[in-house]
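The values are calculated or read from the model by the stated rules, or taken from the named source; none is laboratory data. As the structure is a computational prediction, the values presented were derived from the model and not from experiment. We place every Cβ from the backbone using ideal geometry, glycine too, and count neighbours over all the protein chains shown.
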Amino acid sequence: MSEVVKTPGALRDPEFLKFWIGETVSLMGAELTRFALPLVAVLSLSASAFEVGVVNAMRYGPIVVVSLFAGAWLDRRRRRPVLIASNLGRALFIALVPIAALSGFLSIWLLCVVAVAIGTLTVIFDVGSLSFVPNVVDRSQLADANGRLQTSFSLAMIAGPSLGGLLVGLLTAPVTLTVNAVSYLFSVVMIRSMRVTEPEPEPPAENVTLRDRIAEGLRAVYGSAVLRNLLTQSATFNLAQNAMFTVFVVYTVRTVGLSAKQLGLVLGIGAFGSLVGALTANRVTRSLGLGRTLRAATFTAALAPLLILTARGDGIASVAVLTVAHALAGYMLVIYNVNTVTLRQVVTPNRLLGRMNASYRMVLFGTIPLGALLGGALGQYLGLRPAMVITVVLLTTPIVWTFFSPVFRLPEMPTGPVDDIAAFTEPRPETEPDTASA
């Protein structure tokens, strides 16, 4: 019997630990902004549902325009300095909102400008971060590292809305955003303190244009059966989820009757499901297998929001059912994300990580502004209740992929690029050593 070698956890690496701490704090601030920015429009500017949708769309719109260029650009330079500059820029722009509010110049148009600027810098930071982590930890630690980062995101979803609801009540929504600016500055300090030697970027081949480099990144996604199947399903889910969430914020306040503190409580307590998912993702995957885990995650995350339609009034029953819906969806969605992010990193060569992540995220998150605009338009022209019904039903459509996509038949995590996904879905002999990366 061969000896099983246990891979040390990613947090034992002091450099990843610094990055993780900085990300945990900045993600908490970013989640607070995701909660507070729509409330700035709703409470401070009396914005309509469509205007809220426009603000949300502006934050994610740069993904479509910037992603491909960011990926090609990042694959030709070290990522750490770019991460530092991106966070400095985000701190500056988010600080404009409380300054404008105190000065009397706050408007929907200013929120849109700030949302576009933050969205652009977030694209650069996120693509750089996903490409930076594989150079900080060993590839055998990637699943654990991604799990830790998803834990941070889950903690942010718990603390961000809860803290946001409290701070909005005490300080007003615009001033609350100051906390996010400080969190980005803290992340800058942590990243600057890291002692990581990134490999020298490969020099571009002669006569290779920017267009050629972008095309190579697109082929890395669409030429891979694994990534192509994942992307089409996840993009559909993102579109429907953000249409639903855009309506959800206005619907729960104006139709159900929740206060900002109650809404923050729903999102904060419900996010404990995401935390549990992040902490148990690798255990669940080892127990069920990769494909079954992805299938279970899709069904749960797509069906749980139907519970939102049963909420009536601002009583404890409504708060409870909305919290349960949020927790169930968040639990399995985080497990899905831990596995799919690791899968993308494992099957992609290091030299293509930036362009792969950029090409993938351009479509994955490019559907978010479309979803936000769709949700806002439905709420504006059909009414909040019909819009809520339509968007939660639309959110069930990603289940269709589980019946035909070979990704959901993968027995375990690949250890490298997968050329023939159909062959890989066949179970391996029981006598073969386990070579899964997570």
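Quick one: G379 ticks every box in (1) crowded, with 19+ Cβ neighbours inside 10 Å; (2) under 20 Å from V407 (Cβ atoms) bar one, so which box is it?
(2)
Scanning region 345-368 for residues that are surrounded by fewer than 23 Cβ atoms within 10 Å (Cβ to Cβ), more than 14 Å from the chain's Cα centre (by Cα) and of a type outside the set (S, T, N, Q), which turns out farthest from S131 (Cα to Cα)?
Filtering first and then ranking leaves V347.
For A325, work out the one condition from (1) under 15 Å from V392 (Cβ atoms); (2) at pLDDT below 85 it doesn't fulfil.
That leaves (2) as the condition not met.
How do the helices (runs of 4 or more DSSP H) wholly within region 153-247 filter down when requiring 1 or more residues that are surrounded by 21 or more Cβ atoms within 10 Å (Cβ to Cβ), of a type in the set (S, T, Y) and modelled with pLDDT of 85 or more: which remain?
Details: elements: 173-176, 178-192, 210-222.
It comes to 178-192.
Give the number of residues within region 48-65 that are of a type outside the set (G, A, S) and over 17 Å from the mean Cα position of the chain (by Cα).
Total meeting the criteria: 6.
A quick yes/no check of all residues on (1) buried (at least 24 other Cβ atoms within 10 Å of the Cβ); (2) in contact with a helix residue (DSSP H, G or I) (Cβ under 7 Å, 6 or more places away or on another chain); (3) not in a helix (DSSP H, G or I):
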| residue | (1), (2), (3) |
| --- | --- |
| V42 | no, yes, no |
| S46 | no, no, yes |
| A57 | yes, yes, no |
| V66 | no, yes, no |
| F69 | no, no, no |
| R78 | no, no, yes |
| I99 | no, no, no |
| L102 | no, no, no |
| F105 | no, no, yes |
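Which is modelled with pLDDT of 90 or more, of a type in the set (K, R) and surrounded by fewer than 23 Cβ atoms within 10 Å (Cβ to Cβ), of R312, R286, R295?
Working: R312 fails: modelled with pLDDT of 90 or more; R286 fails: modelled with pLDDT of 90 or more.
None of the other options fit; the residue is R295.
If you go through region 107-142, how many residues are not polar (S, T, N, Q) and not in a helix (DSSP H, G or I)?
So the first thing to find is which residues in region 107-142 are not polar (S, T, N, Q), and the list is 108-119, 121, 123-128, 130, 132-134, 136-139, 142.
Next, from what is left, pick out any that are not in a helix (DSSP H, G or I): 136-138.
The qualifying residues number 3.
Taking region 336-379 only, how many residues are of a type in the set (F, W, Y) and assigned to a helix (DSSP H, G or I)?
The total comes to 2.
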